[in-house]
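Data block below; observations after.
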Amino acid sequence: MDSIDEKFIRKIIHVDMDAFYASVEQRDNPELRGRPVAVGGSKDRGVVAAASYEARAFGVRSAMASKIAIKKCPNLVFVKPNFEKYKEVSDQIHEVFYSFTDLVEPLSLDEAFLDVTENKRGYATASKIAKVIRQEIFETTGLTASAGISINKFLAKVASDINKPNGQKTILPENVIPFLEALPVRKFFGVGQVTANTMHELGIFTGADLKKWALQDLIRNFGKSGKLYFDIVRGVQHAQVQPHRLRKSIGAERTFDADLTDDNQLLEGLNDVFKIWLARFERQNIPGKTIALKLKDSTFTIQTRSFSFENAVLDADVLWSKACDLLQQSPVDKNIRLIGLTLSNLQRELPEFPKEGIQLTLDF
């Protein structure tokens, strides 16, 4: 197939804020501007939640241990995260999104898919919409965003990373197949490092290589994912923007500056995490049935303890009491560096969505 069937074409934008947490901190503290900043933990403990572009130049990345980050960038400035502030800024960003379309699928506080096949403001092209969205986000928040625009979610997400930071990339319908044929397989949806290594062993390095394989051969080598790879390299993706995607759980965790070594310290630590956790699920106002406690000790061993209520609860006193019960359920015999709490089995009905695709003009 050298062209895309119109029934698989939608106008999708992927908006991704640039180094969001770090950019918010640099915006609010002029002394941090132009300096390598890591949000999360400290230079001795924890992990990096986000890194500024100045820090990324040294190889600092999110989810990197703080000790490794400081070795890569000795001048790295650590800032404790302020998720309440990030949520407020995220709400402002999403107000901009919803001024164009109700078909918004948030992926995180700083990232979302938008289906602008039809838009509220009557713009002719998705590329123009993305440009206006980025400008309005900057005017509202003082922060920059990057965007990818194409015919489906996968391509839009790949495109949004091409001209980062503060840029955008459109992959037009007529350019989709050439783009996919040149794309390294490691960047394809669902292809992790292990799968990429397997593909490389089979001589599959690019989309063009992948496209040569028959469907049955891909399924034989990669299971049901083979059908996904077969479709996606041909520009076919059935996943629609889901504006009401439901949360499966609400959680919070904290890595402490020093290990917690006795019952009083553990209780105080649990209370600190509980306050953050309570604010999050009260804001969501979604009761849940299963509470889980996570403990990580000084050897990085993780223990989990959970309890399921007969009925969903959202009562703070009940949840605090059960969190304490889980903590005291059995002795904690090692120093604790992290405590986490999660509420799952959230009780909210899933709305129904139309299953048929949308057809649109090819004007991007």
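The values are calculated or read from the model by the stated rules, or taken from the named source; none is laboratory data. Since we're looking at a predicted model, the values are computed, not measured. Positions of Cβ are backbone-derived with ideal geometry, glycine not excepted, and every protein chain shown enters the neighbour counts.
Yes/no matrix, rows are residues, columns are (1) free of Cβ contacts under 8 Å to residues at least 60 places away in the same chain; (2) more than 29 Å from Lys7 (Cβ to Cβ):
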{"residue": "Val194", "(1), (2)": "yes, yes"}
{"residue": "Asp217", "(1), (2)": "yes, no"}
{"residue": "Arg220", "(1), (2)": "yes, no"}
{"residue": "Gly226", "(1), (2)": "yes, no"}
{"residue": "Arg234", "(1), (2)": "no, no"}
{"residue": "Gln237", "(1), (2)": "no, no"}
{"residue": "Ala252", "(1), (2)": "no, yes"}
{"residue": "Leu267", "(1), (2)": "no, yes"}
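Every residue in the range 65-92 that is surrounded by fewer than 15 Cβ atoms within 10 Å (Cβ to Cβ) and of a type in the set (A, V, I, L, M, F, W, C), please.
Within the range 65-92, Ala65, Ile68 meet the criteria.
Across the range 220-243, what is the total count of residues that are surrounded by fewer than 16 Cβ atoms within 10 Å (Cβ to Cβ) and among the aliphatic types (A, V, I, L, M)?
The qualifying residues number 1.
Which condition number does Ala55 fail, the rest of (1) at pLDDT 95 or above; (2) among the small types (Gly, Ala, Ser); (3) within 14 Å of Lys11 (Cα to Cα); (4) out of contact with any Phe, Trp or Tyr (no Cβ under 9 Å at 6 or more places or on another chain) being met?
(3)
Glu181 passes all but one of (1) modelled with pLDDT of 95 or more; (2) surrounded by 14 or more Cβ atoms within 10 Å (Cβ to Cβ); (3) not in a helix (DSSP H, G or I); which number fails?
(3)
Could you grab me the full set of residues in the range 29-64 that are surrounded by 14 or more Cβ atoms within 10 Å (Cβ to Cβ), outside any loop (DSSP other than H, G, I, E, B) and out of contact with any Pro (no Cβ under 7 Å at 6 or more places or on another chain)?
Those that are surrounded by 14 or more Cβ atoms within 10 Å (Cβ to Cβ), outside any loop (DSSP other than H, G, I, E, B) and out of contact with any Pro (no Cβ under 7 Å at 6 or more places or on another chain): Leu32, Val37, Ala38, Val47, Ala50, Ala51, Arg56.
Kindly evaluate Ile93 against the criterion of being more than 22 Å from the chain's Cα centre (by Cα), part of a helix (DSSP H, G or I) and not assigned by TED's automatic domain parsing to the domain that holds Gln26. Break it down into steps so the answer makes sense when it comes.
Numbers: more than 22 Å from the chain's Cα centre (by Cα): no; part of a helix (DSSP H, G or I): yes; not assigned by TED's automatic domain parsing to the domain that holds Gln26: yes.
Spelling it out, it is not the case that Ile93 is more than 22 Å from the chain's Cα centre (by Cα), part of a helix (DSSP H, G or I) and not assigned by TED's automatic domain parsing to the domain that holds Gln26.
On the basis of being of a type outside the set (S, T, N, Q), closer than 30 Å to Phe364 by Cα, modelled with pLDDT of 95 or more and surrounded by 22 or more Cβ atoms within 10 Å (Cβ to Cβ), does Asp115 make the cut?
Values: of a type outside the set (S, T, N, Q): yes; closer than 30 Å to Phe364 by Cα: yes; modelled with pLDDT of 95 or more: yes; surrounded by 22 or more Cβ atoms within 10 Å (Cβ to Cβ): yes.
Here the answer is yes, as Asp115 does meet what is asked.
Looking at the range 69-80, can you tell me whether even one residue there is part of a strand (DSSP E or B) and aliphatic (A, V, I, L, M)? Reasoning before the result, please.
Step one: of the range 69-80, the residues part of a strand (DSSP E or B) are 77-79.
Right, trim to aliphatic (A, V, I, L, M) and you get 77, 79.
Yes: one or more hits.
At pLDDT 85 or above and surrounded by 15 or more Cβ atoms within 10 Å (Cβ to Cβ), is that true of Lys275? Outline the logic, then answer.
Values: at pLDDT 85 or above: yes; surrounded by 15 or more Cβ atoms within 10 Å (Cβ to Cβ): no.
It is false that Lys275 is at pLDDT 85 or above and surrounded by 15 or more Cβ atoms within 10 Å (Cβ to Cβ).
Any chance you could count how many residues in the range 154-178 are assigned to a helix (DSSP H, G or I) and without any contact (Cβ under 8 Å) to a residue 60 or more places away in the chain?
3
Name every residue in the range 133-188 that is within 17 Å of Leu109 (Cα to Cα) and among the small types (Gly, Ala, Ser), in order of residue number.
Matches in the range 133-188: Gly142, Ala145, Ser146, Ala147, Ser160.
Among the numbered criteria (1) surrounded by fewer than 18 Cβ atoms within 10 Å (Cβ to Cβ); (2) more than 30 Å from Lys11 (Cα to Cα); (3) among the charged types (D, E, K, R), which single criterion is violated by Glu95?
That leaves (2) as the condition not met.
Could you go through the range 63-77 and let me know if any residue there is within 21 Å of Asn166 (Cβ to Cβ), modelled with pLDDT of 90 or more and of a type in the set (D, E, K, R). Give the derivation first.
Applying the first criterion (within 21 Å of Asn166 (Cβ to Cβ)) to the range 63-77 yields none.
For the range 63-77, residues within 21 Å of Asn166 (Cβ to Cβ), modelled with pLDDT of 90 or more and of a type in the set (D, E, K, R): absent.
Looking at (1) of a type outside the set (Lys, Arg); (2) surrounded by fewer than 20 Cβ atoms within 10 Å (Cβ to Cβ); (3) under 30 Å from Ser127 (Cα atoms); (4) more than 17 Å from the chain's Cα centre (by Cα), can you tell me which one Pro106 breaks?
The single condition Pro106 does not satisfy is (4).
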